[in-house]
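Undergrad: Provided herewith is a single structure, encoded as structure tokens, for subsequent inquiry.
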Amino acid sequence: MVTQVVWGRAASIHSEHIPMQYGHFDDENREYVITRPDTPLPWINYLGCQAYFGIISNTAGGYSFYRDARLRRITRYRYNNVPFDFGGRYLYVRDRESGEFWSPSWQPTRHEPESYQCRHGMGYTTIGSRYKGIEASTRYFVPLDETLEVWQFTVTNRRATPALLSVFSSIEFCLWDAQDDATNFQRNFSTGQVEVEDGVIYHKTEYRERRDHFAWFACSAPLAGFDTQRDAFVGPYRSWDKPVAVERGESGNSIAHGWAPIGSHHLKLDLAPGETRQVVFVLGYHENPRDQKFDPPDSQTVNKRTVKPVIAEYLNAANADAAFTRLRDYWESILGICAVETPCEHTNRMVNIWNAYQCMATFNMSRSASFYESGIGRGLGFRDSNQDLLGFVQMVPARARERILDLAATQLATGGAYHQYQPLTKRGNNDIGGNFNDDPHWLIIGVSAYLKETGDWSILDEPVPYDNEPGSEQPLYEHLQRSFRYTLDRLGPHGLPLIGRADWNDCLNLNCFSDTPGQSFQTTTNKEGKTAESVFIAGLFVLAGRELAAIARHRGLADEAAGYLAEVEKMDRVVHEHGWDGEWFVRAYDDFGRKVGSNECAEGKIFIESQGFCVLAGIGLEDGLASKALASVGKHLATEHGIVLQQPAYSRYYIELGEISSYPPGYKENAGIFCHNNPWVIIAETRVGNGDAAYEYYRRINPSAREAISDLHRCEPYVYAQMIAGKDAPTHGEAKNSWLTGTAAWNYYAITQWILGIQPSWDGLRIAPVIPRGWKGFKATRKYRGVTYRITVARAGDGNKVSLMVNGKPIEGEVVAAPAAGQTEVVVEARLS
Ligand code: GLC
Ligand code: GLC
């Protein structure tokens, strides 16, 4: 059954490869079920959603970390490996009579199984297979509020005869700092240390000096042996697919000194025909107080007093099951916050399950750790994390609040912001610095989303420092004021915002002028930056300015609000005058004052960002420019796989444009379908009342709707990828960089708040759907500010005019105000005509 994947040319991907799917959705269990292991790329899932995290592929590849994928990496992972995904949470089953051994997760031994199944669910993954009559599967998950992961291994003998089996576990420890771990070998080959006590393997590299944390790996069954030194287990000149200890059927009981500490248990299980056994493995992270690191205190032995009860608790199968049930319940309640029933199963599935789930991952990870983000490069991005809130804020508002305050604390006194910060230290990243001139406005967008969801106006009075400098604290509200001011202090020759290093498009580097290989396009600035302007930031400024005005009004600052609106109107006029190209919005002005994204350009004549964002901000809605811009998007940028970023693609490197022209045509920002900004156009279409177009664009990049072309799409069909190759690429339709993308939040926001039109607003839940004409209606349940709204939308005509009945009585307008105190359920009937 395991055919190798053939790929390379778009045509061959399509025609030579049947079946087109590698699994199916199980919506009832909220799982994606992968039924063959050789997916075109590793199809991954995240374990953990609070502090302890793991990435796991459909063949058990991946790694774990505590809070920060760079600074607290628990297990080692080698990116860009051969095969692509190799190394992870591997178990081996060995038949002690025949000596044959295999892995129930297919990798690393890649034996052809009689059946195989991987179920990726909400915070857990179960991978299993059957080989020579032995069924074995492992459920991996991270219990809520714990810093550990549980592997529940179940094995059944389906043979007619007894099975005498050995099971070996294996993980490879990372020496904590993943960057150092992958580079500093002269030191690291000598620092590794472990302890083994009662069959529990403790990884304690650097614990003797400045660390007060260690990892541990335990198993519920009595051990026949163990290994902690990689070479002793794997054997020199071998790899994970054929460890010498497994082949031999005997562990080396090795104690690692330096080199590469691993954890491996060996247990023997004798199973009668039909018999099933369960073994629990637990991998955990633990911290000790500085002054209680050792036990006895004057020894070098890890103090295990507080970790032992935790180990004992989770090695107990019943406790592990209970923890799993708690995790299921947690997700059930989170996903119950917004649940919809529309005529489109892809919409339902994404809104009710996977898109919301992905929003949790992007909230937690920002762009740091996936199979395409190594976890060592960047921390949390200022603009990224603010935008991620759009899809997350309803799930755990308290965490959104905390994130907003952390982000705001990395803002600079100028109103600008550190582009990124390290989640563990919460400090701005000096290597990247600031001067991405769109950044500050995203804080206004994030805060406004939080306020509309929660009505928690108190957040605006929270004292927040600038640049984390103690003593510089000012109310959060002042941070917003400075964000807005930042642009007014940085206007260019046309009165448009100066772009700085880049705006949302990190690759449009108009002041960079880099001719040196390896220079960072993002941080190299060779021009003064007094000329290049961004029409995109103008759109963002208009949007953020309107939100800020509404916030000011709410604070009783009517004059201030009017001031913001005056600036917004002024910017709107400037965009009309200098940002309109005749058929669409210009994208920018370069350092020579020439247009970017104009009919005057030889390449890159039209860009998506300024069309989507200007219209979603409301520019040109009244005079028809908005509709014209969107028609141009349809004509020049839309493809069957989504909307490309610009056209025509740059065929060569333009030093005055920067990284955007560094990519071959059709990839990434150079005319790829950069999925993040497709929902801007989707929202823009709803703003001009075109539900058909909005939904159609939504559907084209909806991963579930692309499941049937998995061989072309290649990434997971349950989550968005950052990019789909554009029409200029030979692999048009192929997705890349799945999981960590602003696409998740923006699509969730676009479908729930703009197409389905269930929109938290300052004073209540606004119901303003702009759905396709062909839909008769839909139903939704939305929990909002402690009240459950049961919403039915029915079409009575072709338009988007809304008439509302609340608890059986007609109301004026589109906003359902909060019910009287104590009332927790509200029935809303909306009629569209
Ligand atoms: C990446 C970055 C994001 C940026 C986008 C476009 O997704 O994380 O900040 O806006 O690329 O360049
Ligand atoms: C590169 C990528 C872009 C990303 C940026 C930040 O420029 O093309 O998508 O936003 O790196 O790391």
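The values are calculated or read from the model by the stated rules, or taken from the named source; none is laboratory data. Everything quoted here is computed from the prediction, not taken from an experiment. Here the Cβ positions follow ideal geometry from the backbone for every residue, glycine too, while neighbour counts run over all protein chains shown. Surface areas here come from the heavy atoms of the whole protein model, side chains and all, with no ligands, DNA or RNA. Shrake-Rupley method; radii C 1.70, N 1.55, O 1.52, S 1.80 Å.
Undergrad: For a Förster distance of 22 Å, can you work out the FRET efficiency between the beta-carbons of Glu696 and Glu341, rounded to the nearest 0.05?
TA: 0.60
Undergrad: Sticking with this structure for a sec: Note the full-extension length gain between Thr301 and Glu97 as 0.36 nm times their separation in residues minus their Cα-Cα distance, in nm to one decimal.
TA: 69.4 nm
Undergrad: Hey, what angle do you get for helix 317-335 against the long axis of the chain, alpha-carbon based, 0 to 90 degrees rounded to 10?
TA: For 317-335 against the chain, the angle is about 10 degrees.
Undergrad: For the pair Lys527/Arg159, report the inter-label distance in nm, with labels modelled 7 Å from Cα in the Cβ direction.
TA: A separation of 7.2 nm, rounded to one decimal place.
Undergrad: Roughly how many nanometres apart are two label points built 7 Å out from the Cα toward the Cβ at Asp763 and Asp798?
TA: 3.4
Undergrad: While we're on this one: When only DSSP loop residues count, what GluC sites (Glu not before Pro) in region 173-216 have their Cβ near at most 13 other Cβ atoms within 10 Å?
TA: Working: sites: Glu195, Glu197, Glu206, Glu209; in loops: Glu206, Glu209.
Answer by residue number: Glu209.
Undergrad: When Lys and Arg each count +1 and Asp and Glu each count -1, what net charge do the other residues less than 15 Å away from Met571, Cβ to Cβ, add up to? Write down the numbers at each step before the final one.
TA: Details: positive: Arg485, Arg490, Arg546, Lys570, Arg573; negative: Asp438, Asp489, Asp503, Glu533, Glu547, Glu567, Glu569, Asp572, Glu577.
Result for the local shell: -4.
Undergrad: Would you mind working out the accessible area per residue for region 660-782, using a 1.4 Å probe, and quoting it in Å²?
TA: 22
Undergrad: Shifting gears a bit: Considering only protein heavy atoms and a probe of 1.4 Å, how much of the accessible area of the chain is carbon and sulfur, as a whole percent?
TA: 49
Undergrad: Note the full-extension length gain between Val815 and Ile655 as 0.36 nm times their separation in residues minus their Cα-Cα distance, in nm to one decimal.
TA: 52.6 nm
Undergrad: Turning to a different aspect of this structure: For region 390-438, state the semi-axes of the equivalent ellipsoid (square roots of 5 times the eigenvalues of the alpha-carbon gyration tensor), sorted largest first and rounded to whole angstrom.
TA: Details: eigenvalues 95, 30, 17 Å².
Equivalent ellipsoid of region 390-438: 22, 12, 9 Å, largest first.
Undergrad: Using alpha carbon centroids, what distance separates region 750-766 and region 252-273, in Å?
TA: After rounding, the separation between the Cα centres reads 54 Å.
Undergrad: Considering the options Tyr124, Trp102, Ser169, tell which one lies farthest towards the positive end of the dipole of region 95-214, charges being +1 on Lys and Arg and -1 on Asp and Glu at the Cβ, about the Cα centre.
TA: Ranked along the dipole, the leading option is Trp102.
Undergrad: Give the aspartates and glutamates whose C-alpha is closer than 17 Å to that of Lys628, dropping any in the same chain fewer than 8 places away, or say none.
TA: Of all the aspartates and glutamates, those that pass the test against Lys628 - Cα under 17 Å, at least 8 places apart if same chain - are Asp572, Glu577, Asp581, Glu583, Glu609, Glu685, Asp692.
Undergrad: Provide the FRET efficiency to the nearest 0.05 for the Ala708-Glu247 pair, computing r from the beta carbons and using R0 = 56 Å.
TA: 0.85
Undergrad: Round to a whole angstrom and tell me the spacing of the C-alpha centers of region 629-695 and region 459-521.
TA: 25
Undergrad: Mind checking region 113-194 for GluC sites (Glu not before Pro) that DSSP puts in a loop (not H, G, I, E or B) and that have at most 14 other Cβ atoms within 10 Å?
TA: Qualifying residues, ordered by number: Glu114.
Undergrad: For region 773-808 and region 183-245, what is the separation of their C-alpha centers, rounded to whole Å?
TA: The two parts, judged by their Cα centres, are 57 Å apart.
Undergrad: Work through the residues other than Gly774 whose Cβ is under 13 Å from its Cβ and net out their charges, Lys, Arg +1 and Asp, Glu -1.
TA: The answer is +1.
Undergrad: Which value at 222 nm does the chain reach when only helices count, each DSSP H run of 4 or more adding -39,500 (n - 2.57), with the total divided by all residues and rounded to the nearest 500 deg cm²/dmol?
TA: On the way: 21 runs with 210 residues, N = 833.
The helix-only estimate for the chain comes to -7500 deg cm²/dmol at 222 nm.
Undergrad: Which of the residue pairs Lys527/Lys668; Lys242/Lys304; Lys527/Lys635; Lys570/Lys727; Lys452/Lys668 have a Cα-Cα distance greater than 28 Å in the structure shown?
TA: Beyond 28 Å: Lys242/Lys304; Lys527/Lys635; Lys570/Lys727; Lys452/Lys668.
Undergrad: For region 549-617, just the Cα set please: Rg and Dmax, both in angstrom.
TA: Cα-based Rg and Dmax for region 549-617 come out at 15.5, 50 Å.
Undergrad: If I fit a long axis through the Cα atoms of helix 397-408 and take the longest principal axis of the Cα atoms of the chain, what angle between them do I get, 0 to 90°, rounded to 10?
TA: Computed tilt is about 70 degrees.
Undergrad: In addition: Subtract the Cα-Cα distance of Lys132 and Phe294 from 0.36 nm times their separation in residues, and report this length gain in nm to one decimal.
TA: In short, 53.6 nm is gained.
Undergrad: Further question on the same structure: Just the Cα atoms of the chain: what Rg and Dmax do they give in Å?
TA: Considering the chain through its Cα atoms, Rg and Dmax are 27.7, 85 Å.
Undergrad: What distance in nm separates the two pseudo spin-label positions at Leu424 and Lys268, each 7 Å out from Cα along the beta-carbon direction?
TA: Going from the Leu424 label point to the Lys268 one covers 4.2 nm.
Undergrad: Taking the solvent-accessible surface of protein heavy atoms with a 1.4 Å probe, what is the per residue accessible area of region 179-249 in Å²? Please report the intermediate quantities before stating the final value.
TA: Numbers: 3200 Å² over 71 residues.
Solvent-accessible surface per residue comes out at 45 Å².
Undergrad: When the C-alpha atoms of region 332-436 are aligned to their principal axes, what extent does each axis show, in angstrom, from largest down?
TA: Sorted largest first, the three principal extents are 48, 28, 23 Å.
Undergrad: Of all DSSP beta bridges in the chain, what percent run antiparallel (nearest 5)?
TA: Working: 139 of 148 bridges.
Approximately 95 percent, going by the DSSP bridge assignments.
Undergrad: Rounding to the nearest 10 and keeping the result within 0 to 90°, find how far the Cα-based axis of helix 439-454 lies from the longest principal axis of the chain.
TA: 80
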